[in-house]
Amino acid sequence: MSNKIIPVITIDGPSGAGKGTIAQMLALELDWNILDSGALYRTLAFFMAEEAISLDQFQEKKKFIKERFKVKFDPGIVGEPVKVIFRDEDITNLVRTEEIAKKTSELAAEPLIRDFIKPCQREFMIEPGLIADGRDMGTVIFRDAKHKIFLTASPKERAKRRQTQLKRQGSEVNMRVLLQELEERDKKDTERKHSPLRPAVDSVIIDTSSLDPKGVIKEIKKNL
Ligand code: DC
């Protein structure tokens, strides 16, 4: 077995901080693999809803879920979301809805679900390297990653970005509602007992509120 160390760059932060775009740009530039761990949780929420599996039934259906939970990511092209391929079907737009986001935030607080997702995430660490986007990539999943980035931005700016993203997908969402939902999810993600959202002590924190993606990449490169 090869002992080669596979380089990992972790990009954590709240939703709308720009993680997706930055992870995508880095993955394309370096030609590395990409893990959108939020989309992995979303896909699980989507699949459980499709199969009408409640959280209470998760343990007993775990084997059934595991056998079918085959997710791949394609960084796609800049300006479009990273593609989520589930069992050979492109479900990108199906998992990037506010309804799925809400379900996902609830599921992601459950240790049973986090334990299930943990090994799935590590499977993405393959040569030549991995860009891992999420909430606990640097603090829990890839603790040994050499480079850890934590992106943040003001709630207003993040809600604005989310609105633009949803509009592009054809959904109109009221800004006030979006901001409220985003703050509720932030609260849930940062205050939960298991793997709460927080910067790793050895991470570089970048506020992206007034930076464009190229500016963020420049900041990151200064720290690589
Ligand atoms: O980044 P996102 O909006 O796609 O994430 C969806 C939800 O999943 C969000 O509520 C946070 C949660 N999540 C998590 O708990 N841990 C991760 N590593 C990634 C996402």
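The values are calculated or read from the model by the stated rules, or taken from the named source; none is laboratory data. Since the model is a prediction, treat every value here as computed from it, not as a measurement. Here Cβ is always computed from backbone atoms with ideal geometry, including for glycine, and neighbour counts include all displayed protein chains. Heads up: the accessible areas ignore ligands, DNA and RNA and are worked out on the full protein's heavy atoms, side chains in. Shrake-Rupley method; radii C 1.70, N 1.55, O 1.52, S 1.80 Å.
Greater than 26 Å separation of Cα atoms is the criterion. Which listed pairs, Lys72/Lys222; Lys63/Lys103; Lys188/Lys218; Lys156/Lys187; Lys72/Lys146, meet it?
Going by Cα-Cα distance, Lys72/Lys222; Lys188/Lys218 fall outside the 26 Å limit.
Taking square-rooted eigenvalues a ≥ b ≥ c of the alpha carbon gyration tensor, is the stretch 171-224 rounded, prolate or oblate, where a/c under 1.5 means rounded and, failing that, a/b exceeding b/c means prolate?
Verdict is oblate for the stretch 171-224.
Could you run the Karplus curve 6.51 cos²θ - 1.76 cosθ + 1.60 with θ = phi - 60° over the stretch 24-29 and give me ³J(HN,Hα) per residue in whole Hz, x for Gly and Pro?
Whole-Hz 3J(HN,Hα) from phi for the stretch 24-29: 4, 4, 5, 4, 5, 5.
Could you tell me whether the chain comes out rounded, prolate or oblate from its Cα gyration tensor? Rule is a ≥ b ≥ c as square roots of the eigenvalues, rounded for a/c under 1.5, then prolate if a/b exceeds b/c, otherwise oblate.
Cα axes put the chain in the rounded bin.
Provide the net charge surrounding Val201, with neighbours chosen by a C-beta distance below 14 Å and charges set as Lys +1, Arg +1, Asp -1, Glu -1.
Residues near Val201 contribute -1 overall.
Between the alpha-carbon centers of the stretch 144-175 and the stretch 81-102, tell me the distance in whole angstrom.
Distance between centres, Cα-based: 16 Å.
Cut-off 10 angstrom, C-alpha nodes, Gaussian network model of the chain. Which of Val84, Val95, Val177 fluctuates the most?
So, out of Val84, Val95, Val177, the one fluctuating most is Val177.
For the stretch 1-73, what's the radius of gyration and Dmax over Cα atoms, in angstrom?
Radius of gyration, then largest Cα-Cα span, for the stretch 1-73: 15.8, 42 Å.
Taking springs between alpha-carbon atoms closer than 10 angstrom, which of Phe58, Phe73, Phe142 fluctuates most in the Gaussian network model of the chain?
Looking only at Phe58, Phe73, Phe142, the biggest GNM fluctuation is shown by Phe58.
What does the charge add up to near Ala49, with Lys and Arg as +1, Asp and Glu as -1, over the other residues with Cβ less than 10 Å from its Cβ?
Surrounding charge for Ala49 is -2.
Could you tally the net charge around Gly138, taking each other residue with its Cβ under 9 Å from the Cβ of Gly138, Lys/Arg +1 and Asp/Glu -1?
-1
Please report the antiparallel percentage of the DSSP beta bridges confined to the chain, to the nearest 5.
Antiparallel: roughly 25 percent of the beta bridges in the chain.
Using a 1.4 Å probe on the protein heavy atoms, what percent of the accessible area of the stretch 1-139 belongs to carbon and sulfur?
Answer for the stretch 1-139: carbon and sulfur cover 52 percent of the accessible area.
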